[in-house]
Amino acid sequence: MAQVGYSKKVLEHFLNPRNVGTIENPDGYGKVGNPVCGDLMEMFIRVKDDIITDIKFRTFGCGSAIATSSMVTEMAKGMHVDQAMKLTRDDVANELEGLPPQKMHCSNLAADALHEAIKDYKRKKEG
Amino acid sequence: MEKIYLDHASAMSVDPRVLEFAKQYLKEDFGNPSSLHSVGLTAKRAIEDARKKVAELINAENETCILITGGATESNNLAIKGTALRNIGKGKKVAASAIEHISVLNPMKELQKSGFELTIIPVDSTGLVESEKLNDILTKDTTLTSIMYANNEIGTIEPIKKISEIVHKKGLYLHVDATAAAGRIPIDVQNEGIDLLTLSSNDMYGPQGAGALYIKPGIKLQSILPGGGQERGLRSGTENLFAVAGMGEAARIAKDEMEQEKKRLEEIRDKLISEILKIDKSYLTGHPTQRLPHHASFRFSGIEGESILLNMDMIYNIQVSTGSACSSKTLEPSHVLLAIGLKHEEAHGSMVLTLGRANKVEQVPMITKAVKETVERLRKLSPL
């Protein structure tokens, strides 16, 4: 079995990522990372009464980039947007039973992509 | 699911015949080759036997040209630092191709810190050193030029004979790192004009922990590992008897079976390449024809190499390698892929397959199916 120092939960999310895909006309959209660095994530959210009712992602990147994207969508689904804004990279890593130290930046990106999508939603709501 | 190991460039199993031959040196014939009694003498004979077999593999003048080391990294360090420091009277310049292994580039960078000048020789998009450029780049005060025999990441075989003519016309020494090539393709140090050559035991089905450095008669080196004075004082330390004896036997078997095995692997390699290149937006890395018989390397756009590696391993039990940044300790993509002109985002999507004795042509359909499905799955996840 593959190792790379990943937890079982990371590998499980890598193999069976939740909420893959896109949402048409999303209420919020966030994109972070850069293919030059080897990570690019897109996050789409559907929001009703400030609650995230649906969330989808697409990720180009390593195993942990894919696993953290999947994890963050599971964590954020059903959450109030203000609560979801408070999700940190440590929260995502902890939920995945830890990440190898050199991979911590990937989980940072997943939370960032979610935050960007929420900010987009708030901008649209105010505008 | 049956395991299909395709990462022979990283590590190989020890040939059962090698193990059978060498195990006596872990048990009854365990002596220290420096001891003067009969047990020591038996050990010394085993070392000399291995030296002779390695010399024959690369057609060295004689066995005294073969220095035993602890592996390729050590051989490269000794060749580079040992030659540069001993011949400092000739100049304080060293040169290496841009696609050398880090165990060549890093000792050179270390020399650079102590006042040497380092020249990096560029390669073309297939990984070949451009010999015309070499002529302009090398100056007479370059003590040592290091060009690998074949590259471990892209499989390209360098035109060593042509390169050595240019290097020698300038009166310089040529070091060749043949770790990826030795035991796989014929090497003739005399005919090809090689001054120093690195090879490793495990890269030809010998035990890990042994390597060799060929030193052409007359070339002087400085020791970089002082101690008890073993190996002509150039590499102190009690010999790793089991690994060294095993390396010798591995070299003998590799030489005997090379022609046949090379042909067999080339057939599998070519089938893999033609099948995998049918995948949309897939590209071969390295040279299309001048490449190692066991080496097939690719890149796929829109996906990342560590994900490819994980997917191939976890779903199909097929072990591959990648030059992606995410799989490296430095988080930088492979310097080899950047040197052949790939952009960072292109280098991230690389996959390297290196074949070995256990691989069969019958495995090709299973491997290509796994690669196809892996690329498809990861592309579905990717926004690119």
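Condition test on residue B:299, is it over 13 Å from residue B:369 (Cα atoms), surrounded by 20 or more Cβ atoms within 10 Å (Cβ to Cβ) and either away from chain A (no Cβ under 14 Å) or polar (S, T, N, Q) (or both)? For residue B:299, the condition - over 13 Å from residue B:369 (Cα atoms), surrounded by 20 or more Cβ atoms within 10 Å (Cβ to Cβ) and either away from chain A (no Cβ under 14 Å) or polar (S, T, N, Q) (or both) - is not met.
Rundown of residues vs (1) at pLDDT 90 or above; (2) within 26 Å of residue B:379 (Cβ to Cβ); (3) surrounded by fewer than 24 Cβ atoms within 10 Å (Cβ to Cβ), yes/no style:
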site	(1), (2), (3)
A:56	yes, yes, yes
A:71	yes, yes, no
A:82	yes, no, yes
A:86	yes, no, yes
A:92	yes, yes, no
A:105	no, yes, yes
A:108	no, yes, yes
A:118	yes, no, no
A:122	yes, no, yes
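Apart from one condition, residue B:296 fits all of (1) assigned to a helix (DSSP H, G or I); (2) closer than 18 Å to residue B:10 by Cα; (3) of a type in the set (Gly, Ala, Ser); the exception is (1). For segment B:220-251, a tally of residues being in a helix (DSSP H, G or I) and at pLDDT 95 or above returns 11. Condition (residue is within 24 Å of residue B:252 (Cα to Cα), open to solvent by less than 10 Å² (accessible area, probe 1.4 Å) and not hydrophobic (A, V, I, L, M, F, W, C)) applied to segment B:216-233: is it met by at least one residue? No, that holds for no residue.
Taken over segment B:284-331, the residue count meeting the criterion of being among the basic types (Lys, Arg) and modelled with pLDDT of 95 or more is 2.
Taken over segment B:177-203, residues that are β-branched (Val, Ile, Thr) and either within 10 Å of the chain's Cα centre (by Cα) or open to solvent by 30 Å² or more (accessible area, probe 1.4 Å) (or both) amount to 2. Residues that are acidic (Asp, Glu) and either touching a helix residue (DSSP H, G or I) at 6+ places or on another chain (Cβ under 8 Å) or modelled with pLDDT under 95 (or both) within segment B:262-283 comprise B:267, B:275, listed in sequence order. Restricting to segment B:267-284, what's the tally of residues that are surrounded by fewer than 17 Cβ atoms within 10 Å (Cβ to Cβ) and of a type in the set (S, T, N, Q)? Qualifying residue count, segment B:267-284: 1.
Residues checked against (1) under 30 Å from residue B:321 (Cα atoms); (2) touching a helix residue (DSSP H, G or I) at 6+ places or on another chain (Cβ under 6 Å); (3) surrounded by fewer than 18 Cβ atoms within 10 Å (Cβ to Cβ):
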| site | (1), (2), (3) |
| --- | --- |
| A:7 | yes, no, yes |
| A:11 | yes, no, no |
| A:32 | yes, yes, no |
| A:35 | yes, yes, no |
| A:50 | no, yes, yes |
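When residue B:124 is tested against (1) more than 19 Å from the chain's Cα centre (by Cα); (2) of a type in the set (D, E, K, R); (3) over 30 Å from residue B:289 (Cβ atoms), just one condition goes unmet, and that condition is (3). Residues that are of a type in the set (Ser, Thr, Tyr), more than 7 Å from every other protein chain (Cβ to nearest Cβ) and out of contact with any strand residue (DSSP E or B) (no Cβ under 6 Å at 6 or more places or on another chain) within segment B:302-327 comprise B:316, B:327, listed in sequence order. Selection of segment B:333-355 for residues being surrounded by fewer than 24 Cβ atoms within 10 Å (Cβ to Cβ) and either in contact with an Asp or Glu (Cβ under 9 Å, 6 or more places away or on another chain) or part of a helix (DSSP H, G or I) (or both) yields B:335, B:338, B:339, B:341, B:344, B:345, B:346.
The values are calculated or read from the model by the stated rules, or taken from the named source; none is laboratory data. Computed from a predicted structure; not experimentally measured. Note that we place each Cβ from the backbone using ideal geometry, even for glycine, and neighbour counts take in every protein chain shown. The area values use the complete protein model at the heavy-atom level, side chains included, leaving out ligands, DNA and RNA. Shrake-Rupley method; radii C 1.70, N 1.55, O 1.52, S 1.80 Å.
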